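Asker: First the structure, then my questions, so here it is.
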Amino acid sequence: MVLAVLLVNANRVVPVPNLIDAVWGEDPPTAARHTLQSYISELRKALDGRPERTGPGYLLRVAPEEFDVLRFETLAAQGRRRIEGNPSAAAEALSQALALWEGRPYDDLIGQPAVDVEVRRLEEMRLGVLEERIEADLGVGRHVELIGELEALAREHPFRERLTGQLMQALYRSGRQVDSLRVYTRTRETLVEELGIEPSPGLRALEQRILEQDPALEVVASPDAQVKAFLFTDLEASTALWETHPAAMAEAVSRQERILTETIEQAEGSVFKNTGDGVLAVLPTADAAVVAAKRADSALRSEDWGLLEGMRVRMAIDLGEAHRRRGDWFGPPLNRCARLLSAAHGGQILISEEAVDALTRPGSVTDLGQHRFKGLGQPLRVFQLTTDDQAGRFPPIRLEARPADMARVGFDCSSVRGYELHERIGEGDFGVVYRAYQSSVGRQVAIKVIRPEYANRASFIRQFEAEAQVIAQLGHPHIVSLYDYWRDPDGAYLVMPYLRGGSLADALTRGPWNVGPALHLLEQICSALSFAHRQGVIHRDVKPGNVLLDEDGNAYVSDFGISAHVSDAAGLPITTSLAYLPPEELRGEPLSARSDIFGLGALTFELLTGIRPHGPGALPPLSDARPGLPAEVDKVLQIANLRPARQPLRASRGLPESRPPRHRHRCSGGLP
């Protein structure tokens, strides 16, 4: 708190009484000044002698390059000054400012009066800078790329008319006049119904200009647009390879990236993004992209991959006008290239008609015909590039915009906007988990798709968004982040980081953990649950299946609340192990933080012994299951595992006869 107050007032003297008020409020302890001096002393050790004592208080001197708030304000001011004369440079500066944000400012001190005003100021400033960056992007003709982002922002901030106007302009310039006018109508209805006011004169004037098709609403092609070739690559079936040969895959992926980077740079191109299983590269011409693809394909095929004989890389090439911003590239050719890549098989190189037409040496290409891809307005003519040592003929290209087994889930993948779905990585009673690619930011994610028959139940609908918003605020290093969520009549989905290590339940199939790594893992899990409890959030279903691992074995707690609510809405019987059901659950009583501690005790037992506890009885002594462990650990587990006296159980439900359940059922692992 002392550091936060000094940073809120960076480069200004903060009087000692103000610091004491910020830390202890209206009732400071008698030794407050002495304690404050000890805090300052600790800060000086960490901050090279800062803060300094000046007059009546303390001063923390920071340079703009040291403090992200000052960098943000500097970049935002630079961007605003450039919007009129150089919108492209303005967009670059404003994007750099926004890239500094990671979650909420002063997140662990939210609710403290000393920082709340600053938090509100920064969040309002961030939203204003976001609007200005969008204005700059519109000024250079990036209206098509902005539509998805603006639709999401307009839903999130229905009363910010500037965002509404920007969405109307982007739609109109993209040839969607009717959709643009519908946005205005929807906004007007919201303002009238919710606030009893009409839209502002500026928004009404924009509607009239759209109705009249005012030529001034159009923009000329962006002066910074460049015609470039793009080469995208991806490793087919990488999830299975990571699961079966994690050590070999880590080395192989690094070697693959080196080969791809070298061949692309030899063709005068550059890799601008690494996706984990492949690369995104830009090259000066279509000929250069073809040369790089052929060389890379040949080099990858000639490598000895050892255990990974099935390692096959697919590629796609496209050409067109694109824009560069913050080292990244945006534009229609990138969208088309991503679609082509998703349609290719391992070892196959697909190339667009635009790129083929631009080749000075077409070489050996095969016309695969014209195909329509979801998410693209026009069908694409697809060609296959054939290399000298390419293996045989390939099956028909994958025209589905979703995996075939999505149909079994009953979810319309087209509603998962902005995500390319790849292979299924897990399935539970209520839905399926997919590896997916978010092209707008170039990252792999995991998408949990909940089946429509459960997502449309009234009890689930009432709880889903509120639960999702709470979970999204749980910013902790060992809690799985919630990037995005959505629910509509076709179903619901959650977007989270893609963790290659699988779940702790998967890891335990290989046996118990040694004490050292187990304690390290438990420290991470306990830290995550403790943080959630301090925010008033309980997990409700702590078990190995809800702990995910990264490649280094670090733990991330997942499925806070939502998966449990799915089972509540479904009204299905308990199918999970009774050993993980706390006494409150069996008695039909409300759950609490103690319930999570109960599940944590059972998890610890399974982690150390490799034995999954069964039944509602007490855990067996740890020494019986794994001799040699400290007796103190057994005492801790017995305290965590305190249960009520055993009651008769109904075989049909696994619940006590004495009291009926209060709709607190569980699925077998929820969503994986």
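Asker: Accessible surface of Y437 in the full protein assembly, 1.4 angstrom probe, to the nearest 10 Å²?
Answerer: Probe radius 1.4 Å; accessible area of Y437 about 30 Å².
Asker: Can you tell me which of 276-288, 157-169 comes out highest on packing, and rank the rest after it, using the mean Cβ neighbours within 10 Å?
Answerer: Numbers: 276-288: 22.1, 157-169: 20.3.
Taking the mean over residues of other Cβ atoms within 10 Å, the ranking is 276-288, 157-169.
Asker: Among S174, T190, S200, whose Cα projects farthest towards the positive end of the dipole of the stretch 170-209, with charges put on the beta-carbon of Lys, Arg (+1) and Asp, Glu (-1)?
Answerer: Toward the positive end, the furthest listed residue is S174.
Asker: Still on this structure: 5 Å is the cut-off here: which amide hydrogens, built 1.01 Å from N in the peptide plane, fall below it relative to Y437, excluding neighbours closer than 5 in sequence?
Answerer: Here the answer is E420, L421, H422, V445, since their amide H atoms fall under 5 Å of that of Y437.
Asker: While we're on this one: Largest first, how would S200, S254 line up by accessible area (1.4 Å probe)?
Answerer: On the way: S200 40, S254 70 Å².
Result of the area sort, largest leading: S254, S200.
Asker: Still on this structure: If DNA, RNA and ligands are ignored and the probe is 1.4 Å, what is the ranking of W486, W329, W513 by accessible area, most exposed first?
Answerer: On the way: W486 85, W329 20, W513 50 Å².
Result, largest first: W486, W513, W329.
Asker: Please give the Cα centre distance for the stretch 1-40 versus the stretch 162-223, rounded to the nearest Å.
Answerer: Cα centres, the stretch 1-40 to the stretch 162-223: 49 Å.
Asker: Now for a different question. In terms of the Cα gyration tensor, with a ≥ b ≥ c the square roots of its eigenvalues, is the stretch 1-151 rounded because a/c is under 1.5, prolate because a/b exceeds b/c, or oblate? Before the final figure, lay out the partial values.
Answerer: Values: a/c = 3.50, a/b = 2.37, b/c = 1.48.
Cα axes put the stretch 1-151 in the prolate bin.
Asker: Still on this structure: Quote to one decimal, in nm, the extra length available between H157 and R53 on full extension: 0.36 nm per residue of separation minus the C-alpha distance between them. Before the final figure, lay out the partial values.
Answerer: Working: separation 104, 0.36 × 104 = 37.44 nm, distance 4.37 nm.
Length gained, H157 through R53: 33.1 nm.
Asker: Keeping all protein chains in place and using 1.4 angstrom, which order do V62, V445 fall into by accessible surface area, from largest down?
Answerer: Details: V62 25, V445 0 Å².
Greatest to least solvent exposure: V62, V445.
Asker: Note down the nm distance, to one decimal, between modelled labels 7 Å out along Cα→Cβ at D107 and at R186.
Answerer: 2.9
Asker: Related question: Rounded, prolate or oblate: which fits the stretch 64-219, taking a ≥ b ≥ c as square roots of the Cα gyration tensor eigenvalues, rounded meaning a/c under 1.5, else prolate when a/b beats b/c? Write down the numbers at each step before the final one.
Answerer: Numbers: a/c = 2.60, a/b = 1.44, b/c = 1.81.
Oblate shape, in that a/c is at least 1.5 and b/c is the bigger or equal ratio.
Asker: Right, another one. What full-extension length gain, to one decimal in nm, is calculated for D550 and T74 as 0.36 nm per residue of separation minus the Cα-Cα distance? Can you show the working numbers first?
Answerer: Details: separation 476, 0.36 × 476 = 171.36 nm, distance 3.63 nm.
Extra length from D550 to T74 when fully extended: 167.7 nm.
Asker: Please compute the modelled spin-label separation between Q469 and E584, points set 7 Å along Cα→Cβ, answer in nm with one decimal.
Answerer: 2.4
Asker: In nm, to one decimal, how far is the K635 label point from the R398 one, both placed 7 Å along Cα→Cβ?
Answerer: Distance between label points: 5.5 nm.
Asker: Now for a different question. For the stretch 278-304 and the stretch 69-124, compute the distance between their C-alpha centroids and round to whole Å.
Answerer: One Cα centre to the other: 39 Å.
The values are calculated or read from the model by the stated rules, or taken from the named source; none is laboratory data. The structure displayed is predicted, hence computed values, not measured ones. Neighbour counts are summed over all protein chains in view; Cβ atoms, including those assigned to glycine, are modelled from backbone coordinates with ideal geometry. Keep in mind that these areas ignore ligands, DNA and RNA; they rest on the heavy atoms of the full protein, side chains included. Shrake-Rupley method; radii C 1.70, N 1.55, O 1.52, S 1.80 Å.
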